[in-house]
Amino acid sequence: MKVSDITLEFEGRRVTTSGVIKSVYVNEGKNYVSLTLSDNFSYIQVPLFSDLVSAMKKEGISPHYFRKGMKISVTGMVSEYKGRLQIIPRKVSDIRFEE
C-alpha cells in the first residue's frame with residue numbers, strides 16, 4: 001500500500017508500506033528511534049519503541065543503522081499521534097531493508 005493511501009480509516013489496522021527515509025531521530029537515553037517515511041507524495045511517522053529497538057540490537061542492528069535516503073518496507077498498526085498518522089512496527093521482521 002502506498003503511504004499516500006494510508007488514512008485515518010486504517011487506524012487500528014495492520015498495513016504494509018514502503019518508501020524512503022526522509023529523517024531519522026535517535027534518542028539513545030530512551031532507546032527510541034523515529035523515522036519519517038515518504039513515497040514522494042506523502043509522509044508517515046514510524047516510531048520504533050524501546051522493546052523493538054532492544055530486539056533490533058540483539059540482532060545486530062544499531063539504531064544508527066537507519067539513514068536518510070534508505071529504502072525500507074514497514075508493517076505495523078496505523079495510529080494517530082498529535083494529529084499525525086504513524087505506523088507502529090512490533091517486531092524486527094516488520095522492518096525490511098530494500099536495495
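Can you tell me which of Leu85, Leu37 is in contact with an Asp or Glu (Cβ under 9 Å, 6 or more places away or on another chain) and not in a loop (DSSP other than H, G, I, E, B)? Reasoning before the result, please.
Numbers: Leu37 fails: in contact with an Asp or Glu (Cβ under 9 Å, 6 or more places away or on another chain).
Exactly one residue qualifies, and that residue is Leu85.
Look at Arg96 and say whether it is of a type in the set (Lys, Arg) and either assigned to a loop (DSSP other than H, G, I, E, B) or exposed (fewer than 13 other Cβ atoms within 10 Å of the Cβ) (or both). Answer is no for this residue.
Which is surrounded by 12 or more Cβ atoms within 10 Å (Cβ to Cβ), among the hydrophobic types (A, V, I, L, M, F, W, C) and over 10 Å from the mean Cα position of the chain (by Cα), of Val78, Val74, Val46? Spell out how you get there, then give the answer.
Working: Val74 fails: over 10 Å from the mean Cα position of the chain (by Cα); Val46 fails: over 10 Å from the mean Cα position of the chain (by Cα).
Exactly one residue qualifies, and that residue is Val78.
Condition first: touching a strand residue (DSSP E or B) at 6+ places or on another chain (Cβ under 8 Å) and part of a strand (DSSP E or B). Can you find one or more residues in the range 61-69 that meet it? Reasoning before the result, please.
Residues of the range 61-69 that are touching a strand residue (DSSP E or B) at 6+ places or on another chain (Cβ under 8 Å), as a first pass: 63-64, 66-69.
From what is left, the residues that are part of a strand (DSSP E or B) are none.
Among the residues of the range 61-69, not one is touching a strand residue (DSSP E or B) at 6+ places or on another chain (Cβ under 8 Å) and part of a strand (DSSP E or B), which makes the answer no.
Ile88 - would you say it is under 19 Å from Asn31 (Cβ atoms), modelled with pLDDT of 95 or more and surrounded by 12 or more Cβ atoms within 10 Å (Cβ to Cβ)? Judged against the criteria, Ile88 is a match. Restricting attention to the range 14-55, the residues being of a type in the set (Asp, Glu) and farther than 17 Å from Gly69 by Cβ number 2.
Do the conditions hold for Ser62, that is, is it free of Cβ contacts under 8 Å to residues at least 40 places away in the same chain, of a type in the set (S, T, N, Q) and surrounded by fewer than 16 Cβ atoms within 10 Å (Cβ to Cβ)? So Ser62 fits the description; yes. Residues in the range 16-50 that are farther than 18 Å from Arg90 by Cα, free of Cβ contacts under 8 Å to residues at least 40 places away in the same chain and of a type in the set (Gly, Ala, Ser): Gly29, Ser38.
Residue pairs whose Cβ atoms lie under 7 Å apart, sitting 6 or more positions apart in sequence or on different chains, and linking a residue in the range 1-15 that is without any contact (Cβ under 8 Å) to a residue 40 or more places away in the chain to a partner that is of a type outside the set (Lys, Arg) and part of a loop (DSSP other than H, G, I, E, B), are Ser4/Asp39; Ser4/Phe41; Ser4/Ser42. Picking from residues in the range 65-99 that are among the acidic types (Asp, Glu) and without any contact (Cβ under 8 Å) to a residue 60 or more places away in the chain, the one that is farthest from Thr17 (Cα to Cα) is Glu99.
The values are calculated or read from the model by the stated rules, or taken from the named source; none is laboratory data. These figures come from a predicted structure and were not determined experimentally. Neighbour counts are summed over all protein chains in view; Cβ atoms, including those assigned to glycine, are modelled from backbone coordinates with ideal geometry.
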